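Student: For reference, the structure I am asking about is given below.
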Amino acid sequence: MSMEMSKKKPRFKKADRAVLLLVSLVLVLSAAIGGTLGYLTGQVSVTNTMQVGEFTTEIDEDTENGVKSNVTVKNIGDYDAYIRAVVVVTWQNENGEVYPVAPVANENYTIEYGNQWSEHGGFYYYNGVVGAKQSTGNLINSCKPVEGKVPEGYDLNVEILASAIQAEPAQAVQDAWKMQYQDDGGWTSVNGN
């Protein structure tokens, strides 16, 4: 007995053809979009360089015979800045150990501040913008211990901690320091304090 197998052409249903056509269309569009993006990426080069400003400070001072004088703060950054500082006065021995009782101004030591600074909440704010690579006026004109009021084995230590912040936009100093520089040359708290 011989059996003949009939060979019939496979037939696609209309739904199968629609899916096949849709898949083909998606592949063609993907290749076209990918090729276009590849071409544009290869042809167009955009460089957007952002430079972050540097805002750092350096303390300049004279020290002679236990007297610190002519203390200024230099803006060694790249842009105009506002500068503030904290003055920390302690007794220290030669090993850097701090005496347990802090020295008292006008009793254990005398200090004369410069007139271009304003004190607010323990910070001294320089009254004005300090240009890049420029210095403030004197923060301290002179600071020295009172004779006979120095604990044995200790010396007066006056440390200046300074910081700078960009002068523009004005909102930067308000946000960071909660202070605002006035055109008349003084500082006020943005909180009203």
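Bear in mind these aren't lab numbers, they're just calculated from the coordinates by the rules spelled out. Since the structure is predicted, the reported quantities are computational estimates derived from the model, not experimental observations. Glycine gets a Cβ as well: all are built from the backbone with ideal geometry, and neighbour counts include every protein chain shown.
Student: So how strong a dipole does region 57-189 carry about its Cα centre when Lys and Arg Cβ are +1 and Asp and Glu Cβ are -1, to the nearest 20 debye?
Tutor: 220 debye
Student: Which GluC sites (Glu not before Pro) does region 107-193 hold that lie in a coil by DSSP with at most 13 other beta carbons within 10 Å?
Tutor: Answer by residue number: GLU107, GLU147, GLU152.
Student: What ranking, highest mean first, results for peptides 71-81, 94-104 when packing means the other Cβ atoms within 10 Å averaged over each residue? Intermediate results must be reported in sequence, preceding the final value.
Tutor: Values: 71-81: 20.8, 94-104: 11.1.
Ranking the peptides 71-81, 94-104 by packing returns 71-81, 94-104.
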